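> Pasting a structure here, questions to come.
Bear in mind these aren't lab numbers, they're just calculated from the coordinates by the rules spelled out. Values in this document were obtained by computation on a predicted structure and should not be read as measured data. Cβ atoms come from the backbone with ideal geometry, glycine included; neighbour counts cover every protein chain shown.
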Amino acid sequence: SQQGEEDPQALSIQEGENATMNCSYKTSINNLQWYRQNSGRGLVHLILIRSNEREKHSGRLRVTLDTSKKSSSLLITASRAADTASYFCATISGGSYQLTFGKGTKLSVIP
Amino acid sequence: DAGVIQSPRHEVTEMGQEVTLRCKPISGHNSLFWYRQTMMRGLELLIYFNNNVPIDDSGMPEDRFSAKMPNASFSTLKIQPSEPRDSAVYFCASNYGQGREKLFFGSGTQLSVL
């Protein structure tokens, strides 16, 4: 079953704009991760945020986590055409080893 | 580092045939996962190995699916007999530890069962 649900399902923006994707989940988590998948390729890990963290940055990426609302957001600043991909959130809960993925947000950045 | 290597990249077969997918994890990683990705169901975990031992195979859809990890550098996922509903992209992923942090994915095998 899906733990994380991304919103929106699809997003189209102009190059240079910021892109924000949201993820909601159902049960308490240990950590939440974001992955990127380019068309026809495997998933690539972007960033991990732990349940006791509220915000993390990595280059042009900013991730926030609100455990009270069971939600996270991924912000990509100054988007580039190369950012065109699907973005997935994934969560780990309790003592589980199983990373559970949402269905993703498909981002299109128009040059 | 070559990353996680999967083969073949594409497989087209006829219903009823046996299909074997292969995976070489990153050297030093001791956790290996097989995932299946479809438009309808997204990414589903099929099986998880730790130190070459299958820990959880509850995601394997039915007895037609089997997976092995004979050593730390090789794993196979076999479907026998294959059915059209098995058509999907199959990913192998690995990491060190018990899989709770960053996963490294292969490029996947696109399986089409006609």
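> Residues in region B:1-32, backbone N under 16 Å from the label point at B:ASN52 (7 Å along the Cα-to-beta-carbon vector): list them, ranges by number please.
Only B:23-32 pass the distance filter.
> Could you check the simple spin-label distance between B:TYR96 and A:ARG54, using points 7 Å along Cα→Cβ, in nm with one decimal?
Output for this residue pair reads 3.3 nm.
> Still on this model: Per-residue mean of other chain beta-carbon atoms within 10 angstrom of the beta-carbon, peptide A:37-50?
Per residue, the number of nearby Cβ atoms from other chains is 4 on average.
> Using only alpha carbon positions, build the gyration tensor of chain A, then give the equivalent ellipsoid semi-axes as the square roots of 5 times its eigenvalues, largest first, whole angstrom.
23, 14, 12
> To check my understanding: the extent here is largest minus smallest coordinate of the Cα atoms along each principal axis. What are those three numbers for the protein assembly as shown, in Å, largest first?
That gives 48, 38, 34 Å along the principal axes, largest extent first.
> Let me ask you something else. Post the alpha-carbon centroid distance, region A:61-111 to region B:25-61, in whole angstrom.
21 Å
> May I ask you to evaluate 6.51 cos²θ - 1.76 cosθ + 1.60, the Karplus curve with θ = phi - 60°, for each residue of region B:52-60 and list the ³J(HN,Hα) values in order in whole Hz, giving x for glycine and proline?
For region B:52-60, the Karplus curve yields 6, 9, x, 9, 8, 10, 5, x, 5 Hz.
> Please report the equivalent ellipsoid semi-axes of region B:1-41, computed as sqrt(5 x eigenvalue) of the Cα gyration tensor, largest first, in whole Å.
Listed largest to smallest, the semi-axes of region B:1-41 are 24, 14, 10 Å.
> Out of the DSSP beta bridges found with both residues in chain B, what percent are antiparallel (nearest 5)?
Restricted to chain B, the bridges split so that about 90 percent are antiparallel.
> Still on this structure, please answer the following. Give the relative contact order (percent, whole number) for chain B; include only Cα pairs under 8 Å separated by 6+ residues.
Details: 292 pairs, mean separation 42.8, N = 114.
Reported as a whole number, the value is 38 percent.
> Return the percentage of antiparallel bridges among DSSP beta bridges fully within the protein assembly as shown, rounded to the nearest 5 %.
Counting DSSP beta bridges with both partners in the protein assembly as shown, the antiparallel share is about 90 percent.
> DSSP beta bridges in chain A, what fraction antiparallel, as a percent rounded to 5?
If we restrict to bridges inside chain A, about 90 percent are antiparallel.
> Please report, in cubic angstrom per residue, the volume enclosed by the convex hull of the alpha-carbon atoms of chain B.
Here the figure is 93 Å³ per residue.
> Mind putting a number on the dipole of region B:32-107 about its Cα centre? Charges go on the C-beta only, +1 for Lys and Arg and -1 for Asp and Glu, and I need it in Debye to the nearest 20.
Charge dipole of region B:32-107: 180 debye, to the nearest 20.
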